[in-house]
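Working notes for the structure below.
The values are calculated or read from the model by the stated rules, or taken from the named source; none is laboratory data. Keep in mind the model is a prediction, meaning the values are calculated, not measured. Here the Cβ is made from the backbone with ideal geometry for all residues, glycine too, and neighbour counts use every protein chain on show. What goes into the accessible areas is simple: the full protein's heavy atoms, side chains included, and nothing from ligands, DNA or RNA. Shrake-Rupley method; radii C 1.70, N 1.55, O 1.52, S 1.80 Å.
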Amino acid sequence: MTQPIIEIINLVTYYDSRKILDGINLQIYPGETVTILGRSGCGKSTLLRHIVGLSHPTDGQILIKGSDITRLNEEQRLPTLKKIGMLFQSSALFNSMTVGDNVALPLREHTHLEEPTIQIMTRMKLDQVGLSGFEDFMPAQLSGGMKKRAALARAIAMDPDILFCDEPSAGLDPIVAVGIDQLIMKLKKAFKMTIVVVTHELASVFQIADRVALMDKGKIIAIGTPDDFKNSDNETISQFFNRIPDPENIDKQEYLNSLIGNSK
Amino acid sequence: MIKIETREINRYIIVDIKGDVDLYSSPQIRKVLLENIAKKVSGLIINLKSVSYMDSSGIATLVESLQRLNEYRGKLVITHVQGAVKDVFELSRLDKVFTIVDNESDALKVCNVEVN
């Protein structure tokens, strides 16, 4: 039986006294695309930050290719993290560097490759995301969709086995967003990457996901295929997939307390 | 662990590579290829029969070698491109740029080398 490439076991995280992740368990298998879906503030981006080692959990384990990155120091987990690509929600390009230098950065930082090799790899990666010839542009000269593509080129610079994308369509118009989804799928097919996408865009889920993990209040409340979710009669799933807003049930006293600063 | 061996036939260097070509092994391959190019050999024949994985750094190394050989009309021929390596070549659209043939005998024919 295939072993999971990522295994999250009972992950718990607090920010101060607030529980953000509440016993997350999730297994992701090689070559699959899993979307982590949920409302704003449900903990999905926090979960992603933990998986890529940017945040440390209060409790629990995160096994990537069998190695528990929560128990390794920075130096020990570097070999694992080098084979992980991350596309940040904000693209996170360095504005003072050209697009080419942004893409080349991980190669210059983490490999002993010679500069001519790095230059050719950078142009190859930009070509793969449809930005051939843009290596000398500055990020400020790019549109939102182009910035996302440049950030994707940087995320795949080291030929990662696993690519994480945090809200790849955020802030993009629907047509550009579909283009980014299609590009992610093209790269997955070509490089046989495992892809984890955090999103709240339903259209994106149906286009790219093999499986969906739905989060609510720091927990994963359901895992299944997009079709499983579409046909589910679970209230929370149905509300999400049918885009039904929360009912306005206001507790008068609680609301008053929150306005006058007496809330717990 | 990568293993790189070279043989010479009529000023053409046949480079037999065994192992994965990745971020760690590409610099070693680059060194061997560029040393031979510096000697202005007639061409390089790269045998990938025992290579089952090649990443972008390997492809970039071959592109750089091709570029340098083109400067003096040297030839670069690649043999035994298969499986995942073939996928990477196709994705990079470099299957259109490189001369790729099935085996060493075909490579020598492309280079007009007669072997007795």
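Data table
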| item | result |
| --- | --- |
| Segment B:78-115: number of residues that are in a loop (DSSP other than H, G, I, E, B) and either away from every other protein chain (no Cβ under 14 Å) or of a type in the set (Gly, Ala, Ser) (or both) | 11 |
| Filtered residue count, segment A:222-245, keeping only those that are touching a helix residue (DSSP H, G or I) at 6+ places or on another chain (Cβ under 8 Å) and of a type in the set (D, E, K, R) | 2 |
| In segment A:2-50, residue farthest from A:Thr236 (Cα to Cα) [restricted to those that are without any contact (Cβ under 8 Å) to a residue 12 or more places away in the chain and under 16 Å from the mean Cα position of the chain (by Cα)] | A:Arg49 |
| Segment A:89-129, subset under 21 Å from the mean Cα position of the chain (by Cα) and open to solvent by 30 Å² or more (accessible area, probe 1.4 Å), residue nearest to the other protein chains (Cβ to nearest Cβ) | A:Leu105 |
| When residues of segment A:11-42 are limited to those that are outside any strand (DSSP E or B) and acidic (Asp, Glu), the one surrounded by the most Cβ atoms within 10 Å (Cβ to Cβ) | A:Glu32 |
| Subset of segment B:56-72 [more than 13 Å from B:Phe98 (Cα to Cα), within 14 Å of chain A (Cβ to nearest Cβ) and surrounded by fewer than 20 Cβ atoms within 10 Å (Cβ to Cβ)] | B:Arg68, B:Glu71 |
| Residue identified as out of contact with any Gly (no Cβ under 8 Å at 6 or more places or on another chain), under 25 Å from A:Lys147 (Cβ atoms) and either not assigned by TED's automatic domain parsing to the domain that holds A:Gly31 or not in a loop (DSSP other than H, G, I, E, B) (or both) among A:Leu163, A:Leu187 | A:Leu187 |
| Selection status of A:Asp136, in contact (Cβ under 8 Å) with a residue 60 or more places away in the chain and open to solvent by 30 Å² or more (accessible area, probe 1.4 Å) | no |
| Residue match in segment A:53-63 (condition: assigned to a helix (DSSP H, G or I), under 21 Å from the mean Cα position of the chain (by Cα), farther than 30 Å from B:Arg93 by Cβ and in contact (Cβ under 8 Å) with a residue 12 or more places away in the chain) | no |
| Cβ pairs under 9 Å, 6+ apart, first in segment A:161-184 and under 13 Å from A:Met86 (Cβ atoms), second acidic (Asp, Glu) | A:Glu167/A:Glu201; A:Pro168/A:Asp181; A:Pro168/A:Glu201 |
| Those residues of segment A:189-203 which are open to solvent by 30 Å² or more (accessible area, probe 1.4 Å) and touching a residue at least 60 places away in the same chain (Cβ under 8 Å), in sequence order | A:Lys192, A:His200 |
| The lone exception for A:Thr225 - which of (1) out of contact with any strand residue (DSSP E or B) (no Cβ under 8 Å at 6 or more places or on another chain); (2) loosely packed, with under 15 Cβ neighbours inside 10 Å it fails | (1) |
| Tally of residues being within 9 Å of chain A (Cβ to nearest Cβ) and in contact with a helix residue (DSSP H, G or I) (Cβ under 8 Å, 6 or more places away or on another chain) across segment B:17-33 | 5 |
| Segment B:71-85 residues that are under 13 Å from B:Val41 (Cα atoms), paired with ones that are open to solvent by 50 Å² or more (accessible area, probe 1.4 Å) and in a loop (DSSP other than H, G, I, E, B) (beta carbon under 9 Å, 6 or more apart) | B:Tyr72/B:Lys40; B:Gly74/B:Lys40 |
